[in-house]
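**Student:** Mind having a look at this structure? Questions to follow.
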Amino acid sequence: MLSTISTTKARHSANIGIHAARREVYVRVEHILGEVVDQTDGFADTDDPIADLRAVAIALFAAVVERPWLGRYLMRDNGTQPNGVRMYEELGRHVMRLGLSPRDTFHGVSAVLGFVIGTATDLGQQVPAEVRDGTVSGEELIARAADQFRAGLDLVLAGLRLQADA
């Protein structure tokens, strides 16, 4: 009986610890996303919603490249992440300016967000051999990856522009 009580208490304590750790991550995610959304809210809208969408995507990319774990949390159910919802809304605001159907607007936001998060998160997954052996610096790798990211983002955004012009 005593061992059952001890085991139950140990499980309960472990669950409390896991819950506290999750809460801490949630607070960090919300804080970081809040900073990104506040930053992008400050961007002045131009006559080109694609350029505005690009600016928001690049700001989000920079935040996730610095913290690859952030992407995993952003892609979760945002019903519990107010700043995650705000990020979707910020992207959606610019896509809606293209005059697409609601379905195409949803797909556009999903495509941009998926590309940003996927590319940024991928950078933090594994350090390439050329960085480990010192042939390429980490900064150079990130600069190259950022160039590739911008080129890919421009292709995604060109597709959105074509869709809007159709």
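**Student:** Within segment 99-120, which residues are in contact with a helix residue (DSSP H, G or I) (Cβ under 7 Å, 6 or more places away or on another chain) and open to solvent by 30 Å² or more (accessible area, probe 1.4 Å)?
**Tutor:** Initially, segment 99-120 is screened for residues in contact with a helix residue (DSSP H, G or I) (Cβ under 7 Å, 6 or more places away or on another chain), giving 99-100, 104-105, 108-109, 111-113, 115-117, 119-120.
Answer for segment 99-120, where residues must be in contact with a helix residue (DSSP H, G or I) (Cβ under 7 Å, 6 or more places away or on another chain) and open to solvent by 30 Å² or more (accessible area, probe 1.4 Å): G99, D104, A111, F115, T119.
**Student:** Where residues in segment 121-135 are under 20 Å from the mean Cα position of the chain (by Cα) and in a helix (DSSP H, G or I), which of them is surrounded by the most Cβ atoms within 10 Å (Cβ to Cβ)?
**Tutor:** In this case the residue turns out to be L123.
**Student:** Among the residues of segment 47-58, are any at pLDDT below 80 and not basic (K, R)?
**Tutor:** Taking every residue of segment 47-58 in turn, none turns out to be at pLDDT below 80 and not basic (K, R).
**Student:** Oh, and also: Does A143 fit the bill of being in a helix (DSSP H, G or I), out of contact with any Ser or Thr (no Cβ under 8 Å at 6 or more places or on another chain) and either surrounded by fewer than 18 Cβ atoms within 10 Å (Cβ to Cβ) or at pLDDT below 80 (or both)?
**Tutor:** Details: in a helix (DSSP H, G or I): yes; out of contact with any Ser or Thr (no Cβ under 8 Å at 6 or more places or on another chain): yes; either surrounded by fewer than 18 Cβ atoms within 10 Å (Cβ to Cβ) or at pLDDT below 80 (or both): yes.
Against the criterion (in a helix (DSSP H, G or I), out of contact with any Ser or Thr (no Cβ under 8 Å at 6 or more places or on another chain) and either surrounded by fewer than 18 Cβ atoms within 10 Å (Cβ to Cβ) or at pLDDT below 80 (or both)), A143 qualifies.
**Student:** Go through segment 107-121 and count every residue that is of a type outside the set (G, A, S) and without any contact (Cβ under 8 Å) to a residue 12 or more places away in the chain.
**Tutor:** Filtering segment 107-121 down to residues of a type outside the set (G, A, S) leaves 107, 109, 112-113, 115-117, 119, 121.
Among the residues that remain, those that are also without any contact (Cβ under 8 Å) to a residue 12 or more places away in the chain are: 107.
Summing the residues that are of a type outside the set (G, A, S) and without any contact (Cβ under 8 Å) to a residue 12 or more places away in the chain in segment 107-121 gives 1.
**Student:** Sticking with this structure for a sec: Please pick out the residue among R161, R93 that is assigned to a helix (DSSP H, G or I), among the basic types (K, R), in contact with a helix residue (DSSP H, G or I) (Cβ under 7 Å, 6 or more places away or on another chain) and within 24 Å of D41 (Cα to Cα).
**Tutor:** Details: R93 fails: in contact with a helix residue (DSSP H, G or I) (Cβ under 7 Å, 6 or more places away or on another chain).
Going through R161, R93 in turn, the sole match is R161.
**Student:** Would you mind finding the one in A63, A14 that is modelled with pLDDT of 85 or more and open to solvent by less than 60 Å² (accessible area, probe 1.4 Å)?
**Tutor:** Details: A14 fails: modelled with pLDDT of 85 or more.
Step by step, each of A63, A14 is checked, and only A63 is modelled with pLDDT of 85 or more and open to solvent by less than 60 Å² (accessible area, probe 1.4 Å).
So that you can scan it fast, the table gives a plain yes or no per residue for (1) modelled with pLDDT of 80 or more; (2) not polar (S, T, N, Q):
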| position | (1), (2) |
| --- | --- |
| T80 | no, no |
| N83 | no, no |
| E90 | yes, yes |
| F115 | yes, yes |
| T121 | yes, no |
| Q125 | no, no |
| F149 | yes, yes |
| L153 | yes, yes |
| A164 | yes, yes |
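**Student:** I'd like to verify a number: residues in segment 93-130 that are under 13 Å from G159 (Cα atoms) and among the acidic types (D, E), how many?
**Tutor:** Here the count works out to 1.
The values are calculated or read from the model by the stated rules, or taken from the named source; none is laboratory data. Small disclaimer: the values here were computed from a predicted structure and weren't measured. Heads up, the Cβs are rebuilt from the backbone with ideal geometry, glycines too, and the neighbour counts pull from every protein chain shown. Accessible surface areas use protein heavy atoms only, side chains included; no ligands, DNA or RNA. Shrake-Rupley method; radii C 1.70, N 1.55, O 1.52, S 1.80 Å.
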